[in-house]
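Heads up: the structure comes next, in structure tokens.
The values are calculated or read from the model by the stated rules, or taken from the named source; none is laboratory data. Note that the structure is predicted; figures quoted are calculated from it, not measured. Ideal geometry is used to build each Cβ from the backbone, glycine not excepted, and the neighbour counts take in all protein chains shown.
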Amino acid sequence: MNKKTIITFTQNGPYLVHNLDSLENSKGDSFATGPVITLCRCGASKAKPYCDGAHREINFQGRKKADRIPSKINTYLGENITVHFDLSICAHSAICLNTLPSVFDLSNQPWINPNGADPQKIIEAIKKCPSGALSYTLEGKRPSEENSQFSKITIIKNGPLNVEGNVELQGDIDSPPADPEHFCLCRCGHTKNSPYCDGSHIQNHFRAD
């Protein structure tokens, strides 16, 4: 069995990633891993995705901001499935919008229609959500799923670090991931909901690649 992958960080420092199985970009190109690798969190490293100590030079402050979007679970009740959404950790990847527009459509109010598709298709779309902002329940319960023993970080072009699998997040954190097997970590340095991506890389035109 693989060793547990652990991501640790201090409030104003990088991500220290222990025992990671796979690190790759969104094109599938692999990057070096090892017992411990250090990934940039401040957005200023010249050696991205790795840390080069730039956080000290720019006096990076990685704490949560007072004006961040508060964590709140919005619930959309359907006939056969209930969909839940937490805007505060949404990385704005738009995967849900592109995968199943009959259910996820920002031009509608409410923007989630849990009766817009077969429940299994909705479940498949929700599982593609990289941040864990979307979740679902059936008859008031979320079905248990077998946890993956493989850990992977995908470096999204000019975006966050998408974390998947057998990973534990540790450090100066007061809110655990909504989904411990799927979450997005900020690497642009601008998130207000540190350490999670909140889409700030889009507004700040972050360019890393």
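Figures for the structure shown
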{"item": "Any hit, the range 160-176, residues being over 12 Å from the mean Cα position of the chain (by Cα), outside any strand (DSSP E or B) and either small (Gly, Ala, Ser) or not assigned by TED's automatic domain parsing to the domain that holds residue 13 (or both)", "result": "yes"}
{"item": "Number of positions in the range 149-196 that are crowded, with 16+ Cβ neighbours inside 10 Å, of a type outside the set (D, E, K, R) and within 17 Å of residue 44 (Cβ to Cβ)", "result": "12"}
{"item": "So residue 126, is it at pLDDT 95 or above and either exposed (fewer than 13 other Cβ atoms within 10 Å of the Cβ) or in contact with a Pro (Cβ under 9 Å, 6 or more places away or on another chain) (or both)", "result": "no"}
{"item": "Tally of residues being of a type outside the set (A, V, I, L, M, F, W, C) and assigned to a helix (DSSP H, G or I) across the range 177-209", "result": "3"}
{"item": "Residue pairs meeting the criteria (Cβ under 7 Å; at least 6 apart or on separate chains; first within 8 Å of residue 187 (Cβ to Cβ) and in the same structural domain as residue 186 (by TED's automatic domain parsing), in the range 28-44; second of a type in the set (Ser, Thr, Tyr) and surrounded by 15 or more Cβ atoms within 10 Å (Cβ to Cβ))", "result": "39/15; 39/50; 40/50; 41/15"}
{"item": "Those residues of the range 1-28 which are in a loop (DSSP other than H, G, I, E, B) and at pLDDT below 95, in sequence order", "result": "1, 2, 3, 4, 10, 11, 12, 13, 26, 27, 28"}
{"item": "Hits in the range 74-100 - residues which are surrounded by fewer than 15 Cβ atoms within 10 Å (Cβ to Cβ) and free of Cβ contacts under 8 Å to residues at least 40 places away in the same chain", "result": "74, 75, 77, 79, 94, 98"}
{"item": "Residue selected from the range 99-137 under the condition in a loop (DSSP other than H, G, I, E, B) and charged (D, E, K, R), by the criterion farthest from the chain's Cα centre (by Cα)", "result": "118"}
{"item": "Test: residue in the range 138-148 that is in contact (Cβ under 8 Å) with a residue 24 or more places away in the chain, part of a strand (DSSP E or B), closer than 30 Å to residue 77 by Cβ and in contact with a His (Cβ under 8 Å, 6 or more places away or on another chain)", "result": "no"}
{"item": "Filtered residues of the range 129-148 (kept if of a type outside the set (A, V, I, L, M), surrounded by 12 or more Cβ atoms within 10 Å (Cβ to Cβ) and touching an Asp or Glu at 6+ places or on another chain (Cβ under 9 Å))", "result": "129, 130, 131, 132, 135, 148"}
{"item": "Single residue of 190, 182 found to be in contact (Cβ under 8 Å) with a residue 12 or more places away in the chain and closer than 19 Å to residue 95 by Cβ", "result": "182"}
{"item": "Residue match in the range 80-88 (condition: assigned to a loop (DSSP other than H, G, I, E, B) and in the same structural domain as residue 118 (by TED's automatic domain parsing))", "result": "yes"}
